[in-house]
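Student: The structure that follows is given in the form of structure tokens.
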Amino acid sequence: MNRPGTGARWAGSLLCWTLAAAMASAAVEAVFSPSAGWWRTAWPLPWYLLPAWALLWAVLRAREKRSGAGRRVTPDP
């Protein structure tokens, strides 16, 4: 199994936390419908960032796999 390197792991964590924030903000919007003026701009922001982080993760992971940086070397038995 290839483990992602530091950059891909960082981007993957960022992607997961952004998705969690997006789902939490959507839940708050659905349940409470906040009327603060800034909320209308802030709640969809994680959803807008999600494709960018996914693209960043995909590029870093593909680059890492192409270079062979994430390969494990298994010794011959």
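Since every read-out is calculated from the coordinates, none of them should be taken as a lab result. This is a predicted model, so every value here is computed, not measured.
Student: At 0.36 nm per residue, and after removing the present C-alpha to C-alpha distance, how many nm does the segment from residue 21 to residue 41 gain when stretched out fully?
Tutor: Gain in length upon complete extension: 5.8 nm.
Student: Could you give me the ³J(HN,Hα) list for the range 34-46, computed from phi with Karplus coefficients 6.51, -1.76, 1.60 and θ = phi - 60°, whole Hz, x at Gly and Pro?
Tutor: x, 9, 5, x, 6, 5, 4, 8, 6, 5, x, 3, x
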